[in-house]
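The values are calculated or read from the model by the stated rules, or taken from the named source; none is laboratory data. A quick note: this is a predicted structure, and the numbers were derived from the prediction, not measured. When we count neighbours, we look across all protein chains shown, and the Cβ atoms used for this are built from the backbone with ideal geometry, even at glycine. Heads up: the accessible areas ignore ligands, DNA and RNA and are worked out on the full protein's heavy atoms, side chains in. Shrake-Rupley method; radii C 1.70, N 1.55, O 1.52, S 1.80 Å.
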Amino acid sequence: MIKINENYLKLQASYLFSEIRRRTDEFQKANPDREIIKLGIGDVTRPLPMACIEAFHRAVDEMADDATFRGYGPEQGYAFLREKIAQIDFQDRGADISSDEIFVSDGAKCDTGNIQEIFSTDIKIAIPDPVYPVYLDTNIMAGRTGAFGDGRYGGIVYLESTRQNGFIPDLPQENVDLIYLCFPNNPTGATITRSQLQTWVDFARANKALILYDAAYESFIQNAELPKSIFEIEGAREVAIEFRSFSKTAGFTGTRCAYSVVPKSCTAYTARGQAHSVHDLWFRRQSTKFNAVSYPVQRAAAAIYSDEGQAQAKILIDYYLKNASLIRKEMEALGYECAGGENSPYIWIDGKTDSWQFFDLLLEKAGVVCTPGAGFGKCGEGFIRISAFNNYENVQRAMQKIKQALG
């Protein structure tokens, strides 16, 4: 008989954002005349930058001509995009990353979920709490965890991010092999300093561990003193992989384009201690299972790096940060303690009650969708995340409704 991967049965309830969608749809069906403002899932609402649209059109026209038509592209992505990424995102900031260490993909979610395939199933994993659910769920599916109990899975080292430590987790007190970090953080909005990140890199080097660094929200960093990449940190090339996305940077959530950075000097080991190139392993995985992002999408992504594209993308970032500033200001005025919203599009709010109860309260009384912190982990209980990704007018109206519901 055909058998299933029983690790899937360990997964608790449904995927967080699917559950939010289910509850929201049920409420809308029961209240068809109520306006619902969605500040839950981090989906953008503003159009793509015009530079990207124009590049998209030109590339589509090329696909209509025999002389310029393109079929399968290189698995790592076209050189015209990878070279721009390497130069502008890394080399111009003093990070030693070359274009052949860039892997263009259809989403950071896919990359952070797929990267675990190249590592052994018996490694010890450290995951922040609260955390973006994909990190944990994909490792559950792969069989790297024990049973679920008291809000957590056996076999996982949880890195608690709390108000007491500024939502920057402390180093593990035991040996771990694979470490997930995300800054600016999803969901807390916290950012990490260079010295704090150096501590993590030093720990990974000392323990032959590997850091998976999710920098999907780096474009929201306004403080020039904060690192945008882990590769700005000395020694990171040996022990880190970085993930980035154009989804929030330039509105590509529906267009799908991102990239991972895997340095050639990044090393992992066999059970006998033999060193192997992580870059080579990821290249093998991608060339086997992935056929590259479409040519028009990559041309649109490359346009972000033009002078016009950079300016237009900054306007988008500033727009969402204006939303974030309003949300945090209004929630603090109501007496709620908040994190994020300054170098991040997310505001992490101490709801002073059960996360899902607060979610239901805002939905039913204000018609506003947030994200319950408990869905991000045990340390998220009592918090909610509000996203700045919506139109400013909607955010103004949402905050007015929240004030009426909570005031």
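Assorted remarks:
- Peptides 271-279, 156-164, 70-78 ranked from most to least packed give 156-164, 70-78, 271-279, packing being the mean of other C-beta atoms within 10 angstrom over each peptide's residues.
- Using a Gaussian network model of the chain in which every pair of alpha carbons under 10 angstrom is joined by a spring, one finds that among 111, 25, 96 the greatest mean-square fluctuation is at 25.
- Each listed q (0.11, 0.14 Å⁻¹) maps to a log10 I(q)/I(0) for the chain from the Debye sum over equal C-alpha point scatterers, namely -0.84, -1.34.
- Of the accessible area of the range 202-261, computed with a 1.4 Å probe over protein heavy atoms only, carbon and sulfur atoms account for 40 percent.
- Per residue, the solvent-accessible area of the range 87-169 (1.4 Å probe, heavy atoms of protein chains only, all protein chains present) comes to 36 Å².
- Over the range 182-221, equivalent-ellipsoid semi-axes from the Cα gyration tensor in Å: 21, 11, 8
- Solvent-accessible area per residue in the range 275-407 equals 40 Å², computed with a 1.4 angstrom probe and all protein chains kept.
- Loop GluC sites (Glu not before Pro), the range 225-294 (other Cβ atoms within 10 Å of the site Cβ: 15 or fewer; DSSP): 225, 234
- Length gained when the stretch residue 175-residue 269 is fully extended (0.36 nm per residue, less Cα-Cα span): 32.3 nm
- Among the listed pairs 314/401; 124/228; 228/248; 248/322; 322/352; 228/329, those beyond 22 Å (Cα-Cα): 314/401; 124/228; 322/352; 228/329
- Residue 234 versus residue 329: modelled label distance in nm, points set 7 Å from Cα along the beta carbon direction: 4.2
- Surface composition of the range 115-169: carbon and sulfur atoms hold 50% of the protein heavy-atom accessible area at a 1.4 Å probe.
- Note on residue 38: aspartates and glutamates with a C-alpha under 15 Å away, same-chain residues under 8 apart excluded, are 19, 25, 26, 360, 364, 393.
- Note on residue 141 and residue 117: their simple-model spin labels are 1.0 nm apart, each label 7 Å out from Cα toward Cβ.
- Residues of the range 178-193 with amide N under 11 Å of the 7 Å Cα→Cβ point at residue 223: 190-193
- Portion, in percent, of the accessible area of the range 24-66 that falls on carbon or sulfur, probe 1.4 Å: 50
- Cα-projected label distance for residue 322 with residue 396, points at 7 Å along beta-carbon direction, nm: 1.0
- In the chain, the DSSP-assigned H stretches of four residues or longer account for a calculated mean residue ellipticity at 222 nm of -10500 deg cm²/dmol, using -39500 (n - 2.57) per stretch and the full residue count as denominator.
- Helical segments meeting 24 Å axial Cα length and Kyte-Doolittle -1.0 threshold in the chain (DSSP H): 307-333
- Counted residue by residue at 0.36 nm each, then reduced by the alpha carbon distance between them, the extension gain from residue 202 to residue 310 reaches 35.5 nm.
- Over 24 Å [Cα-Cα, the range 23-142], rounded percent: 59
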